[in-house]
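Only one structure is covered here, and it is reproduced in the block below.
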Amino acid sequence: MMKIPVYLALIFLLPFHVNGQLSSRLSPKVTVAVNTNIETYFIAEKLAVEHIGNYVFSNKEVQFTHQPIVHFGLKTFLPWKDSPVILRIAELLKQMREILHDNSQEIEYLTYRKPFPATGFRWPPPADLPLFSERYPGARAMGEELADSLASFYKQARVGSFLKQNVAFYKGALAEATKHISVKAIPFMEKWYGKQFAGYEFYLMPGMPITPGDDNYRAFGPKLTSPNGEVSAMIFSSSIQLPLLNSLSAYRQFGFDNAEVIRFLTVHELGHSFVNPVIEPLKQLVQRDTSLFTATLARHLEKSYISTWETCLVEHLVRLGEIRIAKSMGDIAEENRIRKLHVSEFGFVLLPMLEKVIEKYEADRARYPDFKRFLAEIFSSLPQPQPADIDALVKAATPLNP
């Protein structure tokens, strides 16, 4: 008889909480959940797109049969398409589309709200929330009204009943993702970076529309503010496209059984939570080295969607952390795998130099208790100002044409 890991068995025993959110605690600081507010948002967004044509990855002309929750959610709630609440949501999204050009700001805000049908906030949203930024004039008022409209839609359309009826699908998605979330890596990340978060929250978005095609998925990692301190969050869509079946109850695969992607999100994207905040105050130092982002290096990194020196630097540092954390865990196979992946396949040619520099940090943590205090050493190690050195690294890393 096949043995099921305890944490997976617990997931299948979990009911939806009385407040509507299905979640599991993987460690004292790590939770994985399906957020009722986010799922309600995407059901409503799909109905709104029937009126406004498109929003982010959702498009009226695209069939989302590869995503069961998106497909059957639309089929179930299509009678609500012309209801006053959806018409208002469509109008709000149409206006927000021109200001935000995304939905991550609203989704992040929804994580602060108590899960529908409860009202109010689980944590007070901070003043620096992206939705509240002056960069997006009028977005706050529209976003708050949208959240209220979603709460009304949740009650009127009985979205909670849909979620409960299909709880087996959501539990299956959670079980798939949980298999690959590298919980054991997080304490090593905290030790290596010299920083701890109050918690780590992983949210699955089975209802988020993703364009058909292999390797398509979406994720983003907001830094949330709780009464106990900063929380590093990761919110991600399905990453495996599924064949259409007759009903949600017929599925035995759920779109999240993707070891490579989930591991990437756990370690790489979570790494941004540690790296990005310490880079942001150093804009002048970053801009000083802009000449190092040569045309040759830019072309070399095109497939990784790197278009600026700041992004190039941040992505190098996050990947540096990945390699060294694997080393600190004693996982030599993973260390070698991701080193080869990032240097040879994705073209992050500064990594060998950065690895030599970072050994000083690892050898003297009394002097450098955290990554932030070592950044000056990293900046001083970069060639100044010799773009030719960068081009030489790219040339050396580029295989000769036969």
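No value in this document is a laboratory result; all are computed from the given coordinates. Since we're looking at a predicted model, the values are computed, not measured. Counting neighbours? That spans all protein chains shown, and the Cβs are built from the backbone with ideal geometry, glycine included.
At 1.567 mPa s and 4 °C, plugging the Kirkwood radius over alpha-carbon pairs of the chain into Stokes-Einstein gives what diffusion coefficient in µm²/s?
Numbers: Rh = 22.8 Å.
Rounded, D is 57 µm²/s.
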Helix-only [θ] at 222 nm, the chain, -39500 (n - 2.57) per DSSP H run of 4+, per residue, nearest 500, equals -15000 deg cm²/dmol
Net charge (Lys, Arg +1; Asp, Glu -1) of residues whose beta-carbon lies under 14 Å from that of residue 48, residue 48 excluded, is 0
Between residue 376 and residue 145, what is the label-to-label distance in nm when each label sits 7 Å out along the Cα-to-Cβ direction?
5.1 nm
When the label point is put 7 Å from the Cα of residue 397 along its Cα-to-beta-carbon vector, which residues of region 322-353 have a backbone N closer than 15 Å?
322-323, 338-353
Contour minus Cα-Cα span, residue 302 to residue 155, at 0.36 nm per residue, comes to 48.3 nm
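Beyond 20 Å, what share of the Cα-Cα pairs of region 278-397 remains, rounded to the nearest whole percent?
Result: 42 percent of Cα pairs exceed 20 Å.
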When N is the residue count of region 248-337, what does its C-alpha Rg come to as a fraction of 2.2 N^0.38 Å?
1.39
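Over the residues of region 105-159, compute the C-alpha Rg and express it relative to 2.2 N^0.38 Å.
1.14
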Straight-line reach from residue 179: which lysines have a Cα under 20 Å away, not including same-chain ones fewer than 8 places off?
3, 29, 171
